[in-house]
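The values are calculated or read from the model by the stated rules, or taken from the named source; none is laboratory data. Bear in mind that the values here come from a model prediction, so they are computed numbers and not experimental data. Note: ideal-geometry Cβ built from the backbone for every residue, glycine included; neighbour counts use all protein chains shown. The protein model used for the area step is the full one, side chains on, heavy atoms only, and it has no ligands, DNA or RNA in it. Shrake-Rupley method; radii C 1.70, N 1.55, O 1.52, S 1.80 Å.
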Amino acid sequence: AFKDLKIFIYELPSEYNEDWLSNKRCSNHLFASEVAIHRALMNTYDLRTFDPYEADFFFVPVYVSCNFSTVNGFPAIGHARSLISSAIQLISSNYPFWNRTQGSDHIFVASHDYGACFHAMEDRAIDDGIPDFMKNSIILQTFGVNYKHPCQDVEHVVIPPYIPPESVRNTLENSPLTGNRDIMVFFRGKMEVHPKNVSGKFYGKKVRTEIWRRYNGDQRFYLQRQRFAGYQSEIVQSVFCLCPLGWAPWSPRLVESVALGCVPVIIADGIQLPFPSAVKWSEISLTVAERDVGKLGRILEHVAKTNLSTIQKNLWDPAVSKALLFNDHMQEGDATWQVLESLYKKLDRSYKRSRVSSQ
């Protein structure tokens with residue numbers, strides 16, 4: 001479909017990417033699509049070019065999500081702007097390609113809460129904004145909403161958060177997709193009983209707190225607030241998996257639920273979901289408004305009695321989960337494939353193409 005597409009990958013010094021891989025979490029956590037896409041493109045021999053003059057796009061491989069120096073163990077991305085700025089300074093000083101288009105045919109991955117705004121808190125993200133040096137480029141980002149937002153005011157492609165495909169395969173080896181699902185509604189994660197006010201904001205807009213208050217003790221709901229390394233085994237035993245917003249609308253649970261055959265119940269108003277041409281979200285998931293979280297029990301009971309089997313049939317199509325998983329070696333239809341298909345539709349940004357068409 002895009003066999004004539006050509007991508008040049010900058011070979012940056014290791015401090016921009018490879019050095020971060022000394023921490024194994026770097027290539028496995030929810031922001032690791034920046035690593036996965038780089039690896040897949042490096043292995044995509046028919047699309048990768050070593051001659052930058054024949055390239056349509058230029059991929060800048062900078063890993064900014066692997067600084068696990070914080071007390072809570074979450075990645076710190078305060079260094080993202082300076083690291084990317086340094087990389088741009090390097091490539092613009094050594095190659096002519098950035099300067100000739102001001103970076104409009106250059107690709108970055110920003111797999112963070114609010115994309116290239118590089119902050120987990122929305123108000124701070126908006127205040128900081130997208131750095132000027134990235135505003136002309138193409139951003140592959142997990143953040144997406146269906147309304148105007150400063151953190152997506154850039155040419156972008158919404159991508160799924162990273163879930164290691166081998167973890168999915170291992171789980172399904174022990175519990176088949178179509179096996180017994182004796183948990184009706186599942187959620188494991190942060191649910192604050194008394195949510196903290198952080199700069200005038202509450203985590204997840206208190207949606208998770210409301211779920212806990214209303215449904216803790218309800219036999220239909222299996223709700224857990226503690227971490228558990230083997231939680232994927234719980235997903236594959238569940239019929240419905242709650243995917244409420246956190247600080248940002250998206251969640252890795254979206255991918256895990258789909259990949260493990262549990263119907264995602266998306267509770268994040270205005271979310272824009274990845275790859276809608278490949279994943280018919282309305283046919284494989286449920287969307288519940290944040291204000292209707294108190295009606296979850298009735299809504300899910302109704303679906304269970306009416307069209308659940310149809311939703312599950314659509315959800316269990318192998319092509320659906322494949323489209324949301326990144327592999328080290330790209331496979332037809334997988335997440336990297338979907339990224340490239342999206343980029344192919346942006347070939348008007350290719351300097352090489354515009355030169356040919358104007359001659």
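Only residues that are open to solvent by less than 40 Å² (accessible area, probe 1.4 Å) and of a type in the set (A, V, I, L, M): list them for the range 309-323, please. Working first, answer last.
Quick first cut of the range 309-323, residues open to solvent by less than 40 Å² (accessible area, probe 1.4 Å) only: 311-312, 315, 320-321, 323.
Hits for the range 309-323 are 311, 315, 320, 323.
Would a scan of the range 322-344 turn up a residue that is over 20 Å from the mean Cα position of the chain (by Cα) and either more than 30 Å from residue 5 (Cα to Cα) or not assigned by the TED database to the domain that holds residue 204 (or both)?
Initial filter on the range 322-344 (over 20 Å from the mean Cα position of the chain (by Cα)): none.
Among the residues of the range 322-344, not one is over 20 Å from the mean Cα position of the chain (by Cα) and either more than 30 Å from residue 5 (Cα to Cα) or not assigned by the TED database to the domain that holds residue 204 (or both), which makes the answer no.
How many residues, within the range 189-226, are farther than 20 Å from residue 289 by Cα and within 21 Å of the chain's Cα centre (by Cα)?
Final tally of qualifying residues: 0.
Quick grid of which residues meet (1) in contact with a Cys (Cβ under 7 Å, 6 or more places away or on another chain); (2) within 26 Å of residue 232 (Cβ to Cβ); (3) surrounded by fewer than 23 Cβ atoms within 10 Å (Cβ to Cβ):
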| site | (1), (2), (3) |
| --- | --- |
| 100 | no, no, yes |
| 105 | no, no, no |
| 128 | yes, no, yes |
| 169 | no, yes, yes |
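Output the residues belonging to the range 324-356 that are open to solvent by less than 20 Å² (accessible area, probe 1.4 Å), touching a Phe, Trp or Tyr at 6+ places or on another chain (Cβ under 8 Å) and outside any loop (DSSP other than H, G, I, E, B).
If the condition is that a residue be open to solvent by less than 20 Å² (accessible area, probe 1.4 Å), touching a Phe, Trp or Tyr at 6+ places or on another chain (Cβ under 8 Å) and outside any loop (DSSP other than H, G, I, E, B), then 335, 336, 338, 340, 343 are the ones that fit.
Scan (1) in contact (Cβ under 8 Å) with a residue 12 or more places away in the chain; (2) in contact with a Ser or Thr (Cβ under 6 Å, 6 or more places away or on another chain); (3) on the phi < 0 side of the Ramachandran plot for the single condition residue 120 breaks and write down its number.
Result: residue 120 passes all but (2).
So which residues in the range 225-244 are modelled with pLDDT of 95 or more and not hydroxyl-bearing (Ser, Thr, Tyr)?
Correct list: 232, 234, 235, 236, 237, 239, 240, 241, 242, 243, 244.
Of the conditions (1) within 14 Å of residue 67 (Cβ to Cβ); (2) surrounded by fewer than 15 Cβ atoms within 10 Å (Cβ to Cβ); (3) in contact with a helix residue (DSSP H, G or I) (Cβ under 8 Å, 6 or more places away or on another chain); (4) of a type outside the set (S, T, N, Q), residue 53 fails just one. Which one is it?
Against the list (1) within 14 Å of residue 67 (Cβ to Cβ); (2) surrounded by fewer than 15 Cβ atoms within 10 Å (Cβ to Cβ); (3) in contact with a helix residue (DSSP H, G or I) (Cβ under 8 Å, 6 or more places away or on another chain); (4) of a type outside the set (S, T, N, Q), residue 53 comes up short only on (1).
Quick grid of which residues meet (1) surrounded by fewer than 17 Cβ atoms within 10 Å (Cβ to Cβ); (2) among the aromatic types (Phe, Trp, Tyr); (3) in a helix (DSSP H, G or I); (4) in contact (Cβ under 8 Å) with a residue 60 or more places away in the chain:
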site: 26; (1), (2), (3), (4): no, no, yes, no
site: 31; (1), (2), (3), (4): no, yes, no, yes
site: 34; (1), (2), (3), (4): no, no, yes, yes
site: 37; (1), (2), (3), (4): no, no, yes, yes
site: 41; (1), (2), (3), (4): no, no, yes, yes
site: 45; (1), (2), (3), (4): yes, yes, no, no
site: 67; (1), (2), (3), (4): no, no, no, no
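Anything in the range 268-279 that is farther than 12 Å from residue 159 by Cα and in contact with a Ser or Thr (Cβ under 8 Å, 6 or more places away or on another chain)? List them, or say none.
268 - this is the single residue of the range 268-279 that is farther than 12 Å from residue 159 by Cα and in contact with a Ser or Thr (Cβ under 8 Å, 6 or more places away or on another chain).
Within the set of pairs 6+ apart or on separate chains, which have a first residue in the range 71-97 that is in contact (Cβ under 8 Å) with a residue 60 or more places away in the chain, a second that is of a type in the set (Val, Ile, Thr) and part of a loop (DSSP other than H, G, I, E, B), and C-beta atoms under 8 Å apart?
Here the result reads 83/62; 83/64; 87/60; 87/62; 91/60, each pair linking the range 71-97 to a residue that is of a type in the set (Val, Ile, Thr) and part of a loop (DSSP other than H, G, I, E, B).
In the range 77-88, what count of residues is obtained for those that are small (Gly, Ala, Ser), open to solvent by 20 Å² or more (accessible area, probe 1.4 Å) and closer than 14 Å to residue 118 by Cβ? Quick ask: steps written out before the conclusion?
Taking the range 77-88 as the starting set, the residues that turn out to be small (Gly, Ala, Ser) are 78, 80, 82, 85-87.
Those left that are additionally open to solvent by 20 Å² or more (accessible area, probe 1.4 Å): 78, 82, 85-86.
Those still in the list that are closer than 14 Å to residue 118 by Cβ too: 78, 82, 85.
Matching residues across the range 77-88 total 3.
Tell me, which helices (runs of 4 or more DSSP H) wholly within the range 193-308 include 2 or more residues that are under 30 Å from residue 173 (Cα atoms) and open to solvent by less than 40 Å² (accessible area, probe 1.4 Å)?
Details: elements: 207-215, 232-235, 253-259, 281-284, 296-305.
Ranges flagged: 232-235, 253-259, 281-284, 296-305.
Answer yes or no: is there a residue in the range 137-147 that is open to solvent by 20 Å² or more (accessible area, probe 1.4 Å) and among the small types (Gly, Ala, Ser). Lay out the reasoning, then the answer.
Within the range 137-147, the subset open to solvent by 20 Å² or more (accessible area, probe 1.4 Å) is 146-147.
Next cut, among the small types (Gly, Ala, Ser) only: none.
No, the range 137-147 contains no residue that is open to solvent by 20 Å² or more (accessible area, probe 1.4 Å) and among the small types (Gly, Ala, Ser).
For the condition closer than 19 Å to residue 249 by Cα, modelled with pLDDT under 95 and within 21 Å of the chain's Cα centre (by Cα), what is the one hit in 110, 120? Lay out the reasoning, then the answer.
Details: 110 fails: modelled with pLDDT under 95.
Result: 120 is the single residue among 110, 120 that is closer than 19 Å to residue 249 by Cα, modelled with pLDDT under 95 and within 21 Å of the chain's Cα centre (by Cα).
In the range 47-57, which residues are aromatic (Phe, Trp, Tyr) and in contact (Cβ under 8 Å) with a residue 60 or more places away in the chain? If you could, list the steps in order and put the result at the bottom.
Of the residues in the range 47-57, the ones aromatic (Phe, Trp, Tyr) are 50, 53, 57.
Scanning the range 47-57 gives 53, 57.
Would a scan of the range 186-203 turn up a residue that is within 28 Å of residue 314 (Cβ to Cβ) and either in contact with an Asp or Glu (Cβ under 8 Å, 6 or more places away or on another chain) or free of Cβ contacts under 8 Å to residues at least 24 places away in the same chain (or both)? I'd like the intermediate steps shown before the answer.
Here is the first cut: in the range 186-203, the ones within 28 Å of residue 314 (Cβ to Cβ) are 186-189.
Now drop any that are not either in contact with an Asp or Glu (Cβ under 8 Å, 6 or more places away or on another chain) or free of Cβ contacts under 8 Å to residues at least 24 places away in the same chain (or both), which leaves 186, 188.
Taking every residue of the range 186-203 in turn, at least one turns out to be within 28 Å of residue 314 (Cβ to Cβ) and either in contact with an Asp or Glu (Cβ under 8 Å, 6 or more places away or on another chain) or free of Cβ contacts under 8 Å to residues at least 24 places away in the same chain (or both).
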